[in-house]
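J.: Here it is, the structure in full.
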Amino acid sequence: MPSHGKIVVFDDPEKLARAAAEKFVELARESIRDHGRFSVALAGGSTPARVYELLGSEFKDQIDWSRVHLFFGDERPVPPDHPDSNYRMAYEKLISRVPIPAENVHRMIGEAPEESARAYEEELRRHFSGEAWPRSDLIYLGLGDDGHTASLFPGTAGLKEDNAWVVSNWVDKLKTHRITLTPPVLNRSAHVVFLITGKNKADPLREVLEGSFDPERLPAQLINPEEGTLEWFVDRDAAGMLRQV
Ligand code: 6PG
């Protein structure tokens, strides 16, 4: 499947993380100048940790945090202090280190997936009031070694959701629900940036970008912003099996 996005290969994870932090600063400035705020959805997992750490340290003074709204792409079904919590990782690396108003941090209540999917959608509808779809300014995404992104896992109902903004997605292989933004929401972002590093992502990345179109098996293939930009920030290890770079 030809990639609909731009692939940017970095020598190593540190260079990728710095570029991702610079992208955040650039888009924050542009968004705040254009419409007075910067609405961004953070990716979970481990890859983005260094990006958030840089934003919470070296880059933090380049951002007007009073105008930033942090959302999440997905959350595990655990409380915010659990080691697996995407919120906890972002809190430790970034949120606890910057002067962002508490009301601007929009945590997904992972510990109660069913009701909090609806609650999160209402929070998004309030933030993007009057819009048919939420147009975030930036969404970071990761890629699982099974081709999932956010909590859109292969073979799950969330892949086909084209109406709700947020769902509690049953993931049979994990025997649990995961809250996740839905494909139409991800595809309405002004900018989507995948952050992918490591040899274990080389095969799924090749399949997603260069294999046949099979989003049921490779959900990351669903990400193809209608009007926004799509960039794949990958390190050399993750790009190791790509033909087109
Ligand atoms: C999650 C993430 C998920 C993640 C990928 C990659 O909650 O796990 O949202 O989509 O981005 O699984 O995770 P790593 O960065 O840890 O490889």
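J.: May I ask you to verify whether P77 is over 25 Å from W165 (Cβ atoms) and either part of a helix (DSSP H, G or I) or in contact with a Ser or Thr (Cβ under 8 Å, 6 or more places away or on another chain) (or both)?
T.: No.
J.: Sticking with this structure for a sec: So which of A49, A20 ends up being among the hydrophobic types (A, V, I, L, M, F, W, C), without any contact (Cβ under 8 Å) to a residue 60 or more places away in the chain and either in contact with an Asp or Glu (Cβ under 7 Å, 6 or more places away or on another chain) or within 22 Å of Y87 (Cβ to Cβ) (or both)?
T.: Among A49, A20, only A49 is among the hydrophobic types (A, V, I, L, M, F, W, C), without any contact (Cβ under 8 Å) to a residue 60 or more places away in the chain and either in contact with an Asp or Glu (Cβ under 7 Å, 6 or more places away or on another chain) or within 22 Å of Y87 (Cβ to Cβ) (or both).
J.: Also: Can you find a residue that is more than 13 Å from the ligand (Cβ to nearest atom), touching a Lys or Arg at 6+ places or on another chain (Cβ under 7 Å), among the acidic types (D, E) and open to solvent by less than 60 Å² (accessible area, probe 1.4 Å) anywhere in the range 213-223?
T.: No, the range 213-223 contains no residue that is more than 13 Å from the ligand (Cβ to nearest atom), touching a Lys or Arg at 6+ places or on another chain (Cβ under 7 Å), among the acidic types (D, E) and open to solvent by less than 60 Å² (accessible area, probe 1.4 Å).
J.: Of all residues in the range 55-71, which are in contact (Cβ under 8 Å) with a residue 40 or more places away in the chain and among the hydrophobic types (A, V, I, L, M, F, W, C)?
T.: Matches in the range 55-71: L55, V68, F71.
J.: I want to confirm something. Restricting to the range 25-52 and keeping residues that are part of a helix (DSSP H, G or I) and within 14 Å of the ligand (Cβ to nearest atom), which single residue is surrounded by the fewest Cβ atoms within 10 Å (Cβ to Cβ)?
T.: Looking at the filtered set, the residue picked out is A49.
J.: Inspect all residues belonging to the range 185-196 and state whether any of them is of a type outside the set (S, T, N, Q), modelled with pLDDT of 95 or more and over 19 Å from L42 (Cβ atoms).
T.: No, the conditions are met nowhere in the range 185-196.
J.: Kindly provide the set of residues from the range 19-69 that are of a type in the set (S, T, Y) and touching a Leu at 6+ places or on another chain (Cβ under 7 Å), ordered by number.
T.: T47, Y52
J.: If I ask for residues that are among the acidic types (D, E) and surrounded by fewer than 20 Cβ atoms within 10 Å (Cβ to Cβ), which ones from the range 53-89 would you list?
T.: E53, E58, D61, D64, D81, D84
J.: For the range 137-182, which residues satisfy the criterion of being assigned to a loop (DSSP other than H, G, I, E, B), away from the ligand (no atom under 15 Å from the Cβ) and open to solvent by 10 Å² or more (accessible area, probe 1.4 Å)?
T.: Once the filter is applied, which keeps residues that are assigned to a loop (DSSP other than H, G, I, E, B), away from the ligand (no atom under 15 Å from the Cβ) and open to solvent by 10 Å² or more (accessible area, probe 1.4 Å), the range 137-182 yields D137, G155, E161, D162, N163, A164, K175.
The values are calculated or read from the model by the stated rules, or taken from the named source; none is laboratory data. Computed from a prediction, not measured in an experiment: that's the story for all the values here. Quick reminder, even Gly has a Cβ in these numbers, built from the backbone with ideal geometry, and neighbours come from all protein chains shown. Keep in mind that these areas ignore ligands, DNA and RNA; they rest on the heavy atoms of the full protein, side chains included. Shrake-Rupley method; radii C 1.70, N 1.55, O 1.52, S 1.80 Å.
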